[in-house]
1. Return the pairs, sorted by first residue and then second, in which the second residue is surrounded by 20 or more Cβ atoms within 10 Å (Cβ to Cβ) and modelled with pLDDT of 90 or more, the first residue lies in the stretch B:187-213 and is outside the structural domain of B:LEU153 (by TED's automatic domain parsing), the beta carbons are less than 7 Å apart, and the residues are 6+ apart or on different chains.
2. With respect to B:ALA14, is the statement that it is away from every other protein chain (no Cβ under 14 Å) and either in contact (Cβ under 8 Å) with a residue 12 or more places away in the chain or crowded, with 18+ Cβ neighbours inside 10 Å (or both) true?
3. Looking only at the stretch B:266-282, count every residue that is more than 8 Å from chain A (Cβ to nearest Cβ) and surrounded by fewer than 20 Cβ atoms within 10 Å (Cβ to Cβ) and tell me the total.
4. Take the stretch A:1-32 and flag every residue that is within 8 Å of another protein chain (Cβ to nearest Cβ), aliphatic (A, V, I, L, M) and free of Cβ contacts under 8 Å to residues at least 24 places away in the same chain.
5. Would you mind finding the one in B:ILE159, B:ILE145 that is in contact with a Gly (Cβ under 9 Å, 6 or more places away or on another chain) and within 30 Å of A:PHE252 (Cβ to Cβ)?
6. Starting from the stretch B:104-124, take each residue that is under 27 Å from A:ILE243 (Cβ atoms) and more than 7 Å from chain A (Cβ to nearest Cβ) and list its partners that are part of a helix (DSSP H, G or I) and not hydrophobic (A, V, I, L, M, F, W, C), counting only C-beta distances under 6 angstrom and pairs at least six apart or across chains.
7. Out of B:ALA179, B:ALA236, B:ALA216, B:ALA212, report the one residue that is at pLDDT 90 or above and in contact with a Cys (Cβ under 7 Å, 6 or more places away or on another chain).
8. Any residue in the stretch B:32-48 that is more than 10 Å from chain A (Cβ to nearest Cβ), farther than 15 Å from B:ILE269 by Cα, among the small types (Gly, Ala, Ser) and part of a helix (DSSP H, G or I)?
Amino acid sequence: MKKTTIAETGFLGAAVFSASITAFILIFMLFLGFPLFREGYFFTLLRTPWNPDHGLFGIYPMLTGTLSIVFLSLCWAFPLSLGASVLISVLAPPGFAAFCKKTIQMLTGIPTVIYGFVGVFLLVPFIRELFASGSGMSILSASLMLSMVISPTMIIIFTDTFESLPASYSTAADALGASPVQKLVYVILPYSRRGIFAGLVLSVGRAMGDTLIALMLAGNAVGVPGSILDSARTLTAHIALVIAADFDSIEFKTIFAAGFVLYVLTTFFILLVRIIGGTGMKNR
Amino acid sequence: MKERLIEIFIKSFAWLSGLLLLSAAFVIIGFLLVKGVPTLSLSLIFGDTSPADALLLRRQVLIGLFPAIAGTCLLVLLAVGLATPVGLAAGIYLAEYSRGNLKSFFSLFYDILSGIPSIVIGLFGFSLAISLHHYVKEIYPCLLISALALAFLVLPYLIRTTQFAMESIPSETRLTAPALGATKLQNIAYVLFPKSLPGIASGVILAIGRCAEDTAVIMLTGVVASAGIPGSLLSAYEALPFYIYYISSQYRDAYELQTGYGAAVILLIICACLFLAAFYLKNQLMNRMLYRQ
């Protein structure tokens with residue numbers, strides 16, 4: 001009897017401990033960045049530029065950097081992933097589809113730093129030559145490589161959703177004489193709307209949380225980017241770059257503001273996915 | 001006619017995007033292999049120290065990847081060692097003890113934790129280190145802090161794979177032992193847990209891979225470019241992914257760049273092996289092997 005109680009308390013304790021980490025991360029950031037969250041200074045930070053020499057510690061440029069890189073990478077990754085998952089689940093001959101799926105699954109295992117490394121020595125020189133301007137470290141380079149990082153996960157979520165189509169729907173479409181493409185347009189895609197949206201939202205969260213690609217490929221300039229060939233700095237890269245500053249400086253405290261923004265945004269995306277309840281996350 | 005055009009368009013777009021992604025992936029991996037594989041040699045790892053001396057820690061390796069590889073291995077062992085017991089216990093609780101609202105409350109927290117960017121987890125680890133430094137002067141960002149932060153990073157994966165593996169056991173198996181008079185805990189210990197080992201093992205392997213590849217967390221929590229083999233849990237250390245990042249921005253000559261390519265290939269091989277192992281475990285029916293009396 002006693003053994004049972006100990007074990008069960010242990011299980012409960014582990015569950016509570018793990019859940020409390022989620023809360024502790026938020027509490028630590030609020031506590032250590034505390035001066036920033038007083039009197040609405042935090043909201044001023046979100047609107048002002050970064051220029052520590054003139055006492056300006058705003059994270060507005062990093063916010064625009066993050067948003068532009070994430071948006072652009074989704075512009076590449078979303079259509080390509082949707083196309084590739086249609087190919088895998090509907091159009092390709094079974095052997096080739098299985099090969100594609102295995103390869104895509106393998107790609108999710110490749111470390112991000114390797115994508116970044118190849119980006120520095122292959123993609124950046126290519127972009128530099130192609131547009132003959134600047135160093136090649138730009139929003140464009142970072143978003144292209146980032147789209148390679150997020151596509152495999154997106155494709156896996158999409159194909160899982162497509163393949164969860166009840167067999168009776170599929171048979172009904174076949175019985176009515178639908179071609180594979182007609183079945184896709186009139187049955188599979190309408191059925192998978194939620195799953196596709198969930199996959200998209202999860203990918204936004206992933207793209208936003210990625211540090212290495214932007215840090216290595218976007219050039220980390222602190223200005224507000226004006227074009228996709230400009231260099232930019234993301235919130236994540238900002239944290240990685242400012243960490244070396246003096247502990248007690250305001251400059252250092254602002255990285256907690258950046259961390260807080262990232263925390264809130266990714267939590268929002270997770271909540272959104274739970275509300276839509278796409279197949280990607282169901283009961284997992 | 002219009003239908004026909006749309007059909008052709010959709011088909012060609014799907015083929016085009018699939019082939020484009022595959023070829024981009026092959027270009028990335030191919031580029032790395034072509035540049036990196038020729039650099040692989042014992043001297044890349046051990047420099048001019050003899051491998052036996054290096055492995056027995058008799059002599060320090062100064063210009064090889066050995067300290068970085070050793071650092072990564074230690075880090076992964078520590079982090080996964082810390083996270084696995086907690087992750088498994090929490091997963092068992094979630095699968096077998098919690099119901100209804102409590103269950104969705106817990107899983108919401110784990111989902112949020114799994115969505116938090118790794119750099120923010122790193123920032124948490126760093127904050128933890130500077131807060132602890134007020135009380136214990138020896139604590140700076142170090143191997144232990146990195147391992148702790150990485151453990152937090154992989155906890156949600158471990159919990160979810162454990163929970164999922166246990167919940168997918170069919171109810172015939174689930175009910176047999178209680179029908180014979182076993183208690184709930186006996187049922188978990190002798191039936192449910194062994195039955196779900198393959199799923200749990202693949203989750204642990206994926207967690208190992210995640211720890212081995214992560215760079216953002218360790219950047220903030222104590223990794224440095226050159227430290228040698230860490231002497232204690234509280235010392236700074238080197239790691240492969242950080243070395244790759246460091247070389248890409250700070251390389252001084254062609255030789256250093258070569259070692260960067262070499263390190264990238266080694267990391268790629270390690271991650272590919274771990275991934276294949278996880279895949280194998282998931283697909284093979286290991287239940288019988290593990291569950292033989």
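1. Pairs found: none.
2. So B:ALA14 does not fit the description; no.
3. Kept after step one, since they are more than 8 Å from chain A (Cβ to nearest Cβ), are these residues of the stretch B:266-282: B:266, B:269-270, B:273, B:276-278, B:280-282.
Narrowing further to those that are surrounded by fewer than 20 Cβ atoms within 10 Å (Cβ to Cβ): B:269, B:273, B:276-277, B:280-282.
Looking only at that region, the number is 7.
4. A:ALA7, A:LEU12, A:ALA14, A:ALA15, A:ALA19, A:ILE21, A:ALA23
5. Step by step, each of B:ILE159, B:ILE145 is checked, and only B:ILE145 is in contact with a Gly (Cβ under 9 Å, 6 or more places away or on another chain) and within 30 Å of A:PHE252 (Cβ to Cβ).
6. The qualifying pairs are B:SER114/B:PRO156.
7. Testing whether each residue is at pLDDT 90 or above and in contact with a Cys (Cβ under 7 Å, 6 or more places away or on another chain) leaves just B:ALA212.
8. Within the stretch B:32-48, one or more residues are more than 10 Å from chain A (Cβ to nearest Cβ), farther than 15 Å from B:ILE269 by Cα, among the small types (Gly, Ala, Ser) and part of a helix (DSSP H, G or I).
The values are calculated or read from the model by the stated rules, or taken from the named source; none is laboratory data. Computed from a predicted structure; not experimentally measured. Cβ atoms come from the backbone with ideal geometry, glycine included; neighbour counts cover every protein chain shown.
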